[in-house]
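Enquirer: Sharing a structure, written as structure tokens. Questions coming.
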Amino acid sequence: MMKQFNFNAATKAVLGAGLLSFALIGCGSDGDDGSNGEDGIIGVNIDSAKSVNAVFTSAKVENGAVFVDFKLEDGNGVAVLGLTKDHDLRFGIAQLTHEVRTFGEGEEAVEFDRGFQWQAYINTEKTPNEDWIPDGETNINPSNQFQANVEKASSCETCFVDNKDGTYSYTFQQNVSNVTSPVEVVYSAENTQRATLELELPSFAVNAHFDWQPSTGLTEDIQSRDVVSIYACYTCHQPDSIAFHGGRRIDLENCASCHTGTSGDPETGNSVDFTYMIHAIHKGDARTTYAPDSPDADEKGNIPAPYKVIGYGGGVHDYGKVMYPQKPAADCAACHVTGENAPVDAELFLANQSNTACIACHTTMPKAYHDPSDENCISCHIEEGYARSGAEAHGDATKRYKASQDYSAKFSNIKVTGDVLTFDVQILDEKGEAVAKEFIANPSKYTKSSIYFSWDTDKDYPAYTDGTKYSARGFALLNPDVSTYDPATETFTIDSTKSALELPANLNGKSVELFAGVATCFKAGGYGRPTVEPIACQYDETDPTKLLTDAAYIQDAPLGFTWNDTDTSEPAKARRDIIDSSKCMGCHNQEIVHYDNGVNCQTCHTPDKGLNKWGGNVPTSFAYKAHHAEGHYLKYAGVGSSTVVKTDCKTCHTDSGIELGRSPERAWRYGDTDGNDIWVSSDAGACLSCHQKYLSDSGKAHITTNGGILDGVDAEDVQNRAKEACSTCHSPEKVMELHGH
């Protein structure tokens with residue numbers, strides 16, 4: 001029997017082509033066969049590539065000429081083809097030079113070892129552009145400045161070579177063998193050299209760098225200056241938000257090799273040395289200088305000294321408006337991360353080699369006894385020196401916070417009798433020993449060391465009545481109306497009889513917590529080398545609410561349990577994670593606003609919390625305050641740099657933290673545009689926490705058409721009328737997409 005085969009169209013086409021070839025062969029040859037063509041290169045054209053990575057593969061210096069080879073690949077490792085010199089392609093070249101700076105003259109001269117610093121070979125001298133300097137601008141001193149630069153590949157017809165396979169070669173236009181003007185740079189083949197690449201494409205930028213020692217060709221085990229990782233920056237900054245110079249510069253290595261010690265901004269006269277610039281920017285609105293004779297001087301004789309840069313194209317960048325979120329700001333470890341997986345030279349910040357960093361934060365006149373013409377901070381501020389080193393001083397500023405992380409609150413005898421809550425509490429130090437009453441601080445008139453009792457803590461947003469809001473649920477340890485103290489056991493006994501607390505009719509089965517918002521006092525650092533240790537709190541004699549002693553909040557997690565009238569052993573139900581508190585503390589460190597025990601803000605700052613009449617009758621709920629925190633979006637804080645992009649929800653939220661429709665029973669208390677009380681439905685209120693100021697009539701109509709309430713007279717009114725359907729269209733993925741993630 002003959003077998004039957006079914007051929008599809010493709011098979012027929014191939015078979016047909018084969019038969020045709022066979023037929024032609026059978027007819028004989030009409031001439032010589034042609035040679036085989038070159039194999040095609042698998043790759044994607046650069047103008048259609050969705051992503052591009054640049055990797056230097058080699059570099060060398062011959063008679064001062066610098067030659068580099070590099071390749072381009074997309075995110076899948078496929079070669080990127082078609083790069084030309086006329087793309088926006090630029091190269092930089094710098095040397096890691098051992099720098100010794102001399103302070104003073106003649107016999108008074110003192111040499112100071114700054115270690116190894118990057119110095120660019122390509123520099124220009126810039127004259128201030130008078131048209132870019134606004135009238136009346138302060139804290140500037142226009143003057144000629146040198147600026148490091150890069151060279152454009154398009155400026156040379158023969159320097160750039162496309163190898164047609166995704167690899168490329170470039171010969172620098174700058175010869176490094178004899179650089180004398182405008183900044184002298186003495187090339188040494190023994191020194192580490194750095195080549196940089198920057199490529200700006202319509203949708204993204206590409207940076208790369210290559211460090212090597214020309215005398216040996218080595219790229220490893222050579223002198224380096226790798227101090228800070230860009231991933232430390234990403235703790236607070238979104239990656240896309242720290243792309244500078246029009247978005248073309250995105251790698252720290254490229255920044256550091258151009259922002260050198262010889263570089264400055266001509267319109268302000270301020271240094272743009274990388275170390276100086278970064279410290280001065282982050283000092284922000286806390287950067288001051290000593291000028292006691294100024295009419296603007298504060299009680300310590302200081303006046304603002306904002307760091308400013310005018311830069312290309314004009315326009316003042318006033319970094320005196322930056323609100324650095326890290327508290328204490330002296331905690332160098334916020335950026336200078338050491339230990340496993342840290343940069344090779346991460347501990348260089350402890351080497352006492354950077355007067356530049358000192359002056360960037362403190363200016364040359366931090367105190368009355370400093371000479372502003374003497375920038376040699378390290379002559380005194382060094383281990384075993386006249387004054388504390390930077391590591392000692394900054395370490396002292398953080399010791400009380402580090403100690404307080406191991407403090408805790410120990411609760412016992414927790415019970416409710418009738419309508420009265422009673423319990424005992426001891427504050428324990430890092431050794432587990434009780435802290436005496438005199439060490440407990442009231443940091444201010446409004447933030448007193450207190451224990452807060454809350455219930456329904458498993459809900460997204462607990463609802464409280466006027467008699468159960470945070471002021472009624474808080475018990476100040478030093479308030480004799482609610483607290484008694486036993487000096488023998490150093491125990492506080494809390495009794496709610498004389499408080500405004502109104503307990504629920506039945507606590508059984510509810511998730512409850514006791515939260516210790518408690519601070520203790522410490523002896524501060526300062527002149528000489530004092531010991532930072534616990535100390536009895538001291539208050540101003542004329543104003544007993546003003547604490548004169550440094551304090552730090554304990555960092556103990558709240559005691560959470562399910563109320564059952566017998567014990568505290570059954571864990572409380574966990575509240576769904578809406579925000580990632582580690583992200584908050586990663587940016588804010590030890591202090592946020594008050595009661596800095598992690599992020600427990602939602603327990604007090606509930607949606608129905610009253611309005612702040614001093615702030616224009618604005619809500620005081622957690623979502624509103626967090627979304628409106630001025631420093632969360634620097635565009636509206638006056639800087640205009642957008643270095644923190646608040647609209648990316650994932651900056652703070654968990655993956656499920658922006659799910660709409662989850663709390664239909666929630667009602668928000670808002671003030672309308674005239675400051676009058678209004679109540680708003682659950683999802684609408686979340687949106688209004690950002691958008692109320694910009695909400696159009698059509699936006700309001702969209703909300704109300706889909707069941708939202710914007711004009712409630714009270715919480716009950718909202719709950720009776722709201723029928724929100726927002727989640728039907730606004731999924732978490734859509735919300736994140738709309739907000740820039």
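The values are calculated or read from the model by the stated rules, or taken from the named source; none is laboratory data. Just so it is clear, the model here is predicted, and its values are computed rather than measured. Backbone-built Cβ (ideal geometry, glycine too); neighbour counts: all protein chains shown. Please note that ligands, DNA and RNA were not included when accessible areas were found on the heavy atoms of the full protein model with its side chains. Shrake-Rupley method; radii C 1.70, N 1.55, O 1.52, S 1.80 Å.
Enquirer: Of the residues in segment 406-447, how many are open to solvent by less than 90 Å² (accessible area, probe 1.4 Å) and not in a strand (DSSP E or B)?
Expert: Residues meeting the conditions: 12.
Enquirer: So, one more: I'd like the residue in segment 448-473 that is part of a helix (DSSP H, G or I) and of a type in the set (D, E, K, R) and, out of all such residues, is surrounded by the most Cβ atoms within 10 Å (Cβ to Cβ).
Expert: Residue satisfying both the conditions and the ranking: ARG473.
Enquirer: For segment 563-582: of the residues being open to solvent by less than 70 Å² (accessible area, probe 1.4 Å) and of a type in the set (Lys, Arg), which is nearest to GLY517 (Cα to Cα)?
Expert: Among those that are open to solvent by less than 70 Å² (accessible area, probe 1.4 Å) and of a type in the set (Lys, Arg), it is ARG575.
Enquirer: Being under 38 Å from the mean Cα position of the chain (by Cα) and surrounded by 19 or more Cβ atoms within 10 Å (Cβ to Cβ) is the filter; apply it to segment 57-72 and report the residue that is farthest from VAL150 (Cα to Cα).
Expert: Ranking the candidates gives LEU72 first.
Enquirer: Check CYS361 against each of (1) open to solvent by less than 40 Å² (accessible area, probe 1.4 Å); (2) assigned to a loop (DSSP other than H, G, I, E, B); (3) within 25 Å of THR262 (Cβ to Cβ); (4) modelled with pLDDT of 85 or more and name the one condition it does not meet.
Expert: Here CYS361 clears every test but (2).
Enquirer: Same structure, new question: When residues of segment 134-164 are filtered for being open to solvent by less than 30 Å² (accessible area, probe 1.4 Å) and under 24 Å from THR262 (Cα atoms), how many remain?
Expert: Within segment 134-164, residues that are open to solvent by less than 30 Å² (accessible area, probe 1.4 Å) and under 24 Å from THR262 (Cα atoms) number 4.
Enquirer: Report yes if some residue within segment 398-405 is outside any helix (DSSP H, G or I) and touching a Gly at 6+ places or on another chain (Cβ under 8 Å); otherwise report no.
Expert: no
Enquirer: Separate question: Can you say whether THR520 is among the polar types (S, T, N, Q) and either part of a strand (DSSP E or B) or open to solvent by less than 40 Å² (accessible area, probe 1.4 Å) (or both), as far as the supplied structure shows?
Expert: Criteria met by THR520.
Enquirer: Suppose the filter is in a loop (DSSP other than H, G, I, E, B) and surrounded by fewer than 21 Cβ atoms within 10 Å (Cβ to Cβ); does PRO325 pass it?
Expert: Values: in a loop (DSSP other than H, G, I, E, B): yes; surrounded by fewer than 21 Cβ atoms within 10 Å (Cβ to Cβ): no.
No, not satisfied.
Enquirer: Something else: Check segment 474-496 and report whether any residue there is charged (D, E, K, R) and open to solvent by less than 40 Å² (accessible area, probe 1.4 Å).
Expert: no
Enquirer: Only one of GLU253, GLU198 is under 30 Å from CYS584 (Cα atoms), in contact (Cβ under 8 Å) with a residue 24 or more places away in the chain and acidic (Asp, Glu); which?
Expert: Being under 30 Å from CYS584 (Cα atoms), in contact (Cβ under 8 Å) with a residue 24 or more places away in the chain and acidic (Asp, Glu) holds for just one of GLU253, GLU198, which is GLU253.
Enquirer: Then there is this: What number of residues in segment 545-562 are small (Gly, Ala, Ser) and either open to solvent by 40 Å² or more (accessible area, probe 1.4 Å) or not in a strand (DSSP E or B) (or both)?
Expert: Number satisfying all stated conditions: 1.
Enquirer: Considering each residue of segment 311-332, count those that are under 14 Å from the mean Cα position of the chain (by Cα) and among the small types (Gly, Ala, Ser), and give that number.
Expert: Result for segment 311-332: 1.
Enquirer: Here's another thing I want to ask about it. Looking at segment 155-173, I want the residues that are more than 20 Å from ILE46 (Cβ to Cβ) and have a partner that is basic (Lys, Arg) and open to solvent by 50 Å² or more (accessible area, probe 1.4 Å) with Cβ atoms under 9 Å, at least 6 apart or on another chain. Which pairs are those?
Expert: GLN173/LYS152
Enquirer: Looking at segment 376-383, can you tell me whether even one residue there is open to solvent by less than 30 Å² (accessible area, probe 1.4 Å) and either assigned to a loop (DSSP other than H, G, I, E, B) or modelled with pLDDT of 90 or more (or both)?
Expert: yes
Enquirer: What's the number of the condition PHE515 fails, among (1) buried (at least 20 other Cβ atoms within 10 Å of the Cβ); (2) in a loop (DSSP other than H, G, I, E, B)?
Expert: With respect to (1) buried (at least 20 other Cβ atoms within 10 Å of the Cβ); (2) in a loop (DSSP other than H, G, I, E, B), PHE515 is out only on (2).
Enquirer: Something else about it: How many residues does segment 254-288 contain that are open to solvent by less than 30 Å² (accessible area, probe 1.4 Å) and part of a strand (DSSP E or B)?
Expert: Adding up the residues that qualify gives 2.
Enquirer: List the residue pairs whose Cβ atoms are under 7 Å apart, where the first residue sits in segment 389-400 and is more than 14 Å from GLN590 (Cβ to Cβ), the second is in a helix (DSSP H, G or I), and the two are 6 or more positions apart or on different chains.
Expert: These pairs meet every condition: GLY390/CYS358; ALA391/LEU350.
Enquirer: Follow-up. Those residues that are more than 34 Å from the chain's Cα centre (by Cα) and small (Gly, Ala, Ser), I need them from segment 116-175; list them, please.
Expert: ALA153, SER154, SER155, GLY166, SER169
Enquirer: For segment 211-222, indicate whether the set of residues that are of a type in the set (A, V, I, L, M, F, W, C) and surrounded by 20 or more Cβ atoms within 10 Å (Cβ to Cβ) is non-empty.
Expert: Within segment 211-222, one or more residues are of a type in the set (A, V, I, L, M, F, W, C) and surrounded by 20 or more Cβ atoms within 10 Å (Cβ to Cβ).
Enquirer: Follow-up. So the check is Cβ under 9 Å with 6+ separation or different chains; which pairs have a first residue in segment 260-274 that's on the phi > 0 side of the Ramachandran plot and a second one that's of a type outside the set (D, E, K, R) and assigned to a strand (DSSP E or B)?
Expert: Pairs that qualify, where the first residue is on the phi > 0 side of the Ramachandran plot and the partner is of a type outside the set (D, E, K, R) and assigned to a strand (DSSP E or B), are GLY269/GLN145.
Enquirer: Given the structure, is CYS335 crowded, with 16+ Cβ neighbours inside 10 Å and over 22 Å from the mean Cα position of the chain (by Cα)?
Expert: The answer is no for CYS335.
Enquirer: Please state which one of GLY314, GLY320 is out of contact with any Cys (no Cβ under 9 Å at 6 or more places or on another chain), assigned to a helix (DSSP H, G or I) and in contact (Cβ under 8 Å) with a residue 24 or more places away in the chain.
Expert: On the way: GLY314 fails: assigned to a helix (DSSP H, G or I).
Going through GLY314, GLY320 in turn, the sole match is GLY320.
Enquirer: Kindly indicate whether any position in segment 193-209 is at pLDDT 95 or above and either among the basic types (Lys, Arg) or within 18 Å of CYS335 (Cβ to Cβ) (or both).
Expert: yes
Enquirer: A further question on this structure: Looking at segment 48-61, I want the residues that are in a strand (DSSP E or B) and have a partner that is hydrophobic (A, V, I, L, M, F, W, C) and open to solvent by 50 Å² or more (accessible area, probe 1.4 Å) with Cβ atoms under 8 Å, at least 6 apart or on another chain. Which pairs are those?
Expert: If the second residue must be hydrophobic (A, V, I, L, M, F, W, C) and open to solvent by 50 Å² or more (accessible area, probe 1.4 Å), the pairs left are ALA59/PHE67; LYS60/PHE67; VAL61/PHE67.
Enquirer: Cβ-Cβ below 7 Å, separation at least six or inter-chain, first residue in segment 487-514 and among the hydrophobic types (A, V, I, L, M, F, W, C), second in a loop (DSSP other than H, G, I, E, B): which pairs?
Expert: Pairs that qualify, where the first residue is among the hydrophobic types (A, V, I, L, M, F, W, C) and the partner is in a loop (DSSP other than H, G, I, E, B), are PHE492/LEU477; ILE494/VAL482; LEU503/ASP419; LEU507/TRP563; VAL512/THR457; VAL512/TRP563; VAL512/ALA572; LEU514/PRO558.
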